[in-house]
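Down below is the structure, laid out as structure tokens.
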Amino acid sequence: MNPDTLTHILQPYAPHHRPLLHFAPHRNWINDPNGLVFLNGQYHLFFQHNPYGTDWGHMSWGHAVSKDLLHWEERPVALAEDDTTMIFSGCCVLDANNTSGFGTVDGPALIALYTGHHHDSGLQTQNLAYSLDEGQSWTRYGVVLDEGIPDFRDPKVFWHEKTRCWIMAVVLAAHHQVVFYASQNLKSWEKRSVFGPEGHTGGIWEVPELLELQDDAGESHWVLKVDLNPGGPFGGSGCQYFVGQFDGWSFTSTQEARWLDHGKDFYAAITFANLQDRTVWLGWMNNWEYARNHVQGEYSGVMSLPREIRLQRTADGLILCQTPIREWEEVWRALPCQQELLVKADQEHDLLVLPEAALDLQAHFVGTEQSILGIAFSVAGQLEWTLEFDVPDRKVTVSRQGSIEQSGFQGEHSAPLESVEQHVRLIVDHSTLEVFLNDGKQVFTEVFFPPQGESRLSLYTRSGQVKVQVFAVRGPQHP
């Protein structure tokens, strides 16, 4: 397919595709979230950004702030590409004890650690910049870690209390390894250990994150999240995680790698630093298999809904669960909807008809061993996607259809179905679909690009029967 034809087929990010409550830039390209941090009542989102166009290039750090993680105000570019170096992904930490000496204990510096990609050599280094005014302006300190190699990137740094030092996780992308370094001052780094190759290695590794989480029984574990591209579960990019232990020197996995998301469009998630009462992250809603073709209109790229994450014990081991942030509950209004119904074989029921593609549905399904139940979503009379629970085949599947005919976009994305009883939450925000099953044990993240028009959500069965209880339906609160 030639580029001119592809451009004609793809019409993403038209005005009606812009989400209401997912961050998207005012214009131009974005990809990975960077430097997520909470400071003095504000959430800061830095992100990979091309300030000059809607395709990848001239990588810099964009910047946006929010008081509730849902309504974002875009700020000027924080760290811009210069003549020699692009600003690749990284993180921010608040240097509360002034270990770096850049601030004071009373006025601690915000430290950005990021990968510098050097134009001439292609080498990658870990660089540092600091801000004394909560990210409004930055002073570039320079390179703090240089191994003289390419594909060495995406530092994620945290303070490890037991060993009283900063820990950095950074990838050797082409070697499928995460390298751990330690520092007392954020400026001088000592190599401690290497993890990998393990798990999925079908593409380069990127954007590692190591974090400590308690399970539902109160026991502490460490989770290492690593993205890869390609090699995802349904083609293109994807995200895996390992659960294990970290002693301040090395990470050891105690169970096999798991996929973080069963959809196709969740990548490069990182957590907010300096957040005390919960662990929250967000990711880029796209897939490298087709992301650079979605470039029409004024902008390209959107972030996922921020999600609270936790570990839960199951018979199959520890599962990383993701659920929408609590702030989401307060922003959309309740919509009238049939509360309980019995959907019999080969029947279809319309649940909702809405003027736009935006809703939040929570429901409980109880089927039989013969049940095949689906949720179908159409816009302007065109089927965009289905979410189907197939009990006989023990699988749950999102089938993305619609008008996008590009290779890799349409298709079925499946996960194991463990029970005839399912708690379902799905959130649609114009061009985004996020499905959370059974309190976030399974998640599907997808983008889609519907036409403009009335949207319709319906239930159908292909066999058996299903009892449906709708707990809540919400939609946008327009003036």
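Counting other C-beta atoms within 10 Å, and keeping those with at most 11, which DSSP coil GluC sites (Glu not before Pro) do you find in the range 105-161?
Sparse-neighbourhood loop GluC sites (Glu not before Pro): Glu161.
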In whole percent, what relative contact order does the range 408-479 give with Cα contacts below 8 Å and a gap of six or more residues?
17 percent
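Find how much the distance from Glu369 to Arg326 grows on full extension, using 0.36 nm per residue of separation minus their present alpha carbon separation; answer in nm with one decimal. Mind showing how you got there, number by number?
Details: separation 43, 0.36 × 43 = 15.48 nm, distance 3.44 nm.
Answer, rounded to one decimal: 12.0 nm.
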Contact order relative to length of the range 231-319, as percent, for alpha carbon pairs under 8 angstrom and 6 or more apart
23 percent
Modelled label-to-label distance, Thr163 and Ala334, 7 Å Cα→beta-carbon offset: nm?
5.2 nm
Footprinting exposure proxy for Leu69, Leu20 (fewest neighbouring C-beta atoms within 10 Å first):
Leu20, Leu69
Neighbour-count ranking [beta-carbon atoms within 10 angstrom, fewest first] of Ile319, Ile87
Ile319, Ile87
In a shell of Cβ-Cβ distance under 14 Å around Gly367, excluding Gly367 itself, what net charge do Lys and Arg (+1) and Asp and Glu (-1) give?
-1
Identify the GluC sites (Glu not before Pro) of the range 175-226 meeting these criteria: DSSP loop state and at most 11 other C-beta atoms within 10 Å of the C-beta.
Glu219
Given Cα pairs under 8 Å that are at least 6 residues apart, what percent is the relative contact order of the range 22-326?
15 percent
State to the nearest 20 debye the size of the charge dipole of the range 22-326 about its Cα centre, where the only charges are +1 on K and R beta carbons and -1 on D and E beta carbons.
260 debye
What FRET efficiency would be calculated for the residue pair Ser250, Lys344, taking the C-beta separation as r and a Förster radius of 56 Å, to the nearest 0.05?
0.50
In deg cm²/dmol, rounded to 500, what helix-only [θ] at 222 nm does the chain give when every DSSP H run of at least 4 residues adds -39500 (n - 2.57) and the total is split over its residues?
-500 deg cm²/dmol
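As an exercise, identify the GluC sites (Glu not before Pro) in the range 302-377 lying in DSSP coil whose Cβ has no more than 14 other Cβ atoms within 10 Å.
Values: sites: Glu308, Glu327, Glu329, Glu330, Glu340, Glu348, Glu356, Glu369; in loops: Glu356, Glu369.
Those that pass, being in a loop and sparsely packed, are Glu369.
In what order do His175, His430 fall by count of nearby beta-carbon atoms within 10 Å, going from fewest to most? Before the final figure, lay out the partial values.
Values: His175 17, His430 25.
Neighbour counts put them in this order, fewest first: His175, His430.
Take the residue pairs Lys187/Lys441; Lys187/Lys264; Lys441/Lys467; Lys156/Lys441; Lys67/Lys395 and return only those whose Cα atoms are more than 30 Å apart. Mind showing how you got there, number by number?
On the way: Lys187/Lys441 39 Å; Lys187/Lys264 37 Å; Lys441/Lys467 22 Å; Lys156/Lys441 25 Å; Lys67/Lys395 39 Å.
Where the Cα-Cα span goes over 30 Å, the pairs concerned are Lys187/Lys441; Lys187/Lys264; Lys67/Lys395.
To the nearest 20 debye, what is the magnitude of the charge dipole of the range 111-218 about its Cα centre, counting +1 on the Cβ of each Lys and Arg and -1 on the Cβ of each Asp and Glu?
Working: 8 positive and 15 negative charges, 80 e Å.
The dipole of the range 111-218 has a size of about 380 debye.
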Taking the Cα atoms of the range 22-326, report the difference between the largest and smallest coordinate on each principal axis, in whole Å and largest first.
50, 46, 42
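Taken together, the values in this text are just the output of simple stated rules run on the coordinates, not laboratory data. Please read all numbers here as calculations on a predicted model, not as lab measurements. Quick reminder, even Gly has a Cβ in these numbers, built from the backbone with ideal geometry, and neighbours come from all protein chains shown.
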